[in-house]
Amino acid sequence: MDENKKKPEINFNKFKEDWEQRKLGDYIIPYSEVTTENNQYPILTSSRKGIFLQTDYYRGHQIASANNSGYNIVPRGFFTYRHMSDDEVFKFNINNLVDFGIVSTLYPVFTTNSELNSKYLQYQLNEGANFRNFAKLQKQGGSRTYMYLSKLKELTLTMPKTLEEQKNISDFFTTIDKLINLHQDKYHKLITIKNSLIEKILPLDGTNVPEIRFAGFTDHWEQRKAADIFMSITNKNHPHLPVLSATQEHGMILRENTGINISHDKNNEATYKRVLPGQFVIHLRSFQGGFAHSKVEGITSPAYTVMDFFEKEKHYDFFWKYIFKSEKFIKSLRNVTYGIRDGRSINFDDFSTMIVLFPSYDEQKVIGQFFQSFDHLINLNQRKLEILKNIKKSMFEKMFV
């Protein structure tokens, strides 16, 4: 950005004028109409994920007061937002769902005048540095930041003079957002399909044959106690190996790749347990599975249980990786979990008493490799999504002052 000209680093070529500083109060119009009867209009939920009909957001439930007379009315195209925040983050939403909706009195309502494009303003408020810095200045003791409409009107923004340039910018980012949403939907659908398939390759309750199978496999799955398949491994005194962390999404990964600064006493690393590729780590979070597969060698907390197969040649570790992440397996853990520590804790001895079903090694391998390929497809889409988000972030920084 050129600080003297007050123009962004990148702009549409046909717009030559410098941007100017504007006090937001000169361009927004408060709206103070309230309901005069209960359930006069649909109730809206204004969240950080966007704006929703409350019954959709809470899956058919309405959590507003039993009597919502006196709630703020939000006409179509108008802004609303929660005026208090515990972390200095505010989300400004525009009602594009219904002609009139209602929100709690904690949510101010306003619109813009004819000189300011509302979609452009929404991008600047939600993602721009101007408002972010302004919000930080409003915190005056306590844990909450308050952004009453009277305070918001004091905000000074640097913006294009013409509505046409404002609209061009908002249209550009709207297009990027639509592309991001398409990839996000595809990513979530792939995860849903994968999870559904995992459940269908498991035998139904009371049977030893799964609902769907790969061609060429007809034998019944074998039923055994977990203690006949898995054993606990304790292999210490390897402080030269990298420290691993257990994650729900990626299993065991290098602690340095978690993005979280976790301090520990390096002098204690000799007591950490060695983990080899193909082994599992039970890491206490039974409500999400708690069995983390490892593809790397390293050491992990002595509080965790490292688990391996008695007969590795009879079991394909990636098959068990997906079994341990299945909803059916996680539900079955309820019978063998105890205590409360970041979820219910898993005791290996109790897990060993569980009855598990599994097919031949060859079928395990086909199933495991299928879901590895599925994960590869999901990861490709996740990377595309991250690239699009990074492009948007970079363009935003270059197209706004």
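The values are calculated or read from the model by the stated rules, or taken from the named source; none is laboratory data. Computed from a predicted model, the values in this text were never measured in an experiment. Quick reminder, even Gly has a Cβ in these numbers, built from the backbone with ideal geometry, and neighbours come from all protein chains shown.
Computed values, structure above
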{"quantity": "Qualifying residue in segment 93-102 (condition: modelled with pLDDT under 95 and either of a type in the set (S, T, N, Q) or assigned to a helix (DSSP H, G or I) (or both))", "calculated": "no"}
{"quantity": "Pair list, Cβ < 7 Å and 6+ apart or interchain, from segment 46-57 residues that are under 14 Å from Gln122 (Cα atoms) to residues that are at pLDDT 90 or above and aromatic (Phe, Trp, Tyr)", "calculated": "Ser46/Tyr81; Ser46/Tyr107"}
{"quantity": "Whichever residue in segment 136-148 is in contact with a strand residue (DSSP E or B) (Cβ under 6 Å, 6 or more places away or on another chain) and not β-branched (Val, Ile, Thr) and, among such residues, is modelled with the lowest pLDDT", "calculated": "Lys139"}
{"quantity": "Some residue of segment 69-76 being over 15 Å from Ile43 (Cα atoms) and either out of contact with any Lys or Arg (no Cβ under 8 Å at 6 or more places or on another chain) or not aliphatic (A, V, I, L, M) (or both)", "calculated": "no"}
{"quantity": "Residue within segment 369-390 that is more than 26 Å from the chain's Cα centre (by Cα), surrounded by 13 or more Cβ atoms within 10 Å (Cβ to Cβ) and among the polar types (S, T, N, Q) present", "calculated": "yes"}
{"quantity": "Hey, Asp185 surrounded by fewer than 12 Cβ atoms within 10 Å (Cβ to Cβ), part of a loop (DSSP other than H, G, I, E, B) and acidic (Asp, Glu) or not", "calculated": "no"}
{"quantity": "Yes/no for Asp87 being modelled with pLDDT under 95, assigned by TED's automatic domain parsing to the domain that holds Asn130, not in a loop (DSSP other than H, G, I, E, B) and not aromatic (Phe, Trp, Tyr)", "calculated": "no"}
{"quantity": "Filter pass, Phe358 being out of contact with any helix residue (DSSP H, G or I) (no Cβ under 6 Å at 6 or more places or on another chain), of a type outside the set (S, T, N, Q), buried (at least 16 other Cβ atoms within 10 Å of the Cβ) and modelled with pLDDT under 95", "calculated": "no"}
{"quantity": "Qualifying positions in segment 262-299 - more than 22 Å from the chain's Cα centre (by Cα), part of a loop (DSSP other than H, G, I, E, B) and at pLDDT below 85", "calculated": "Ser263, His264, Asp265"}
